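Take a look at the structure below.
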Amino acid sequence: MGQLEGKTAVITGGTTGIGLATAERFVAEGAHVFVTGRRKDALDAAVAKIGRNATGVQGDVSDLADLDRLYAEVARQNRRIDVLYANAGGGEFATLEQVTEKHFDQTFGINTKGMLFTVQKALPLLNEGASVILQSSNAGSLGNASFGVYGASKAAVRSFARTWAAELKDRSIRVNAISPGTIDTPGIDGLAPDQEGADQLKSYMASTIPMGRVGRPEEVASAVLFLASDQSTFITGIELFVDGGRNQI
Ligand SMILES: NC(=O)c1ccc[n+]([C@@H]2O[C@H](COP(=O)([O-])OP(=O)(O)OC[C@H]3O[C@@H](n4cnc5c(N)ncnc54)[C@H](OP(=O)(O)O)[C@@H]3O)[C@@H](O)[C@H]2O)c1
């Protein structure tokens, strides 16, 4: 029997990278997953790749009306939520000198505001005993030059995990943050202008990681599954790093 047999999970940003790998793992463990993303073609491709027990709902997490549509679809299918993985996010490089208001608003709009309302609007549908997993980043506690707004947006997410764990404990809802280090995804490739630049970036990042390599999306999915499942029933409010030792050693 799978670790999420009969459970309902919502994964924002579930169409590529870490979110898609987690959706596939959750379905393999017996869950029905709702996955979201802004691009319809990527969403349709992800639902087809997952193959079964998946519903795609197009939407932008920084748009509150889109979040309402997401949860309306969950309710329309007469489901309640056992696992919420608020994963959608991303960033771009900009030094303090280069940061614009648009860069700030976009980054915080998706990673921080989008995170808050993804969880707030799920509250009426969350089952007692549900697990909420917030996608932070190891960048939230590093001083990476040119990644300050992204890092700050993810540090805020880590803080949310503490507060919401306190606020939701009386409903037996656990809230934890997960902080990947560099993981080989389209999101990382998108930080560079082309594939050669992406390969150079990942090679440089690997040299900063004690384990000597970047991570795979499936390795994050395994850690998310741990936090989602009954293997972690006494764990709330933590930040779980999946970073090859980058922030630990
Ligand atoms: N890869 C890493 O090294 C790493 C490390 C630490 C943390 N993270 C975090 O992990 C999460 C996933 O990253 P990833 O590397 O897997 O990136 P990815 O491959 O680019 O996947 C991002 C997913 O989120 C969706 N998305 C992006 N913005 C969205 C929005 N506003 N509303 C709804 N969906 C949105 C994307 O689809 P659309 O573009 O179609 O919307 C896609 O499904 C992000 O929060 C990222 O910050 C990644």
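Could you order peptides 86-92, 100-106 by the average number of other Cβ atoms within 10 Å of their residues, highest first?
86-92, 100-106
Using the heavy atoms of the protein chains alone and a 1.4 angstrom probe, what is the accessible area of the chain per residue in square angstrom?
Using a 1.4 Å probe on heavy atoms only, each residue of the chain averages 47 Å².
What is the packing order of peptides 191-202, 25-36, 138-149, 115-126, taking the mean over residues of other C-beta atoms within 10 Å and listing the highest first?
My ranking of the peptides, most packed first, is 25-36, 115-126, 138-149, 191-202.
For the chain, what size does the Cα cloud have along each of its three principal axes, sorted from largest down, in whole Å?
Principal-axis extents of the Cα atoms in the chain, largest first: 48, 37, 33 Å.
How much solvent-accessible surface does SER62 expose, in Å² to the nearest 10, with a 1.4 Å probe and all protein chains in place?
Surface open to solvent at SER62 totals about 30 Å².
Find the relative contact order for the chain and round it to a whole percent, using C-alpha pairs within less than 8 Å whose residues are 6+ positions apart.
Averaging sequence separation for qualifying contacts and normalising by length gives 19 percent for the chain.
Calculated from DSSP H runs of 4 or more alone, at -39500 (n - 2.57) each and per residue, what is the 222 nm mean residue ellipticity of the chain, nearest 500?
Per the formula, -12500 deg cm²/dmol.
Give the angle, between 0 and 90 degrees and rounded to the nearest 10, that separates the Cα long axis of helix 195-207 from the longest principal axis of the Cα atoms of the chain.
Once rounded, one gets 90 degrees.
Computing the accessible area with a 1.4 Å probe over protein heavy atoms, can you report the carbon and sulfur percentage for the chain?
Roughly 51 percent, rounded to a whole number.
Between SER222 and ASP105, what length in nm is gained on full extension when 0.36 nm per residue of separation is reduced by their alpha carbon distance?
38.9 nm
The values are calculated or read from the model by the stated rules, or taken from the named source; none is laboratory data. This is a predicted model, so every value here is computed, not measured. Quick reminder, even Gly has a Cβ in these numbers, built from the backbone with ideal geometry, and neighbours come from all protein chains shown. Accessible surface is based on the protein model in full, side chains and every heavy atom, while ligands, DNA and RNA are left aside. Shrake-Rupley method; radii C 1.70, N 1.55, O 1.52, S 1.80 Å.
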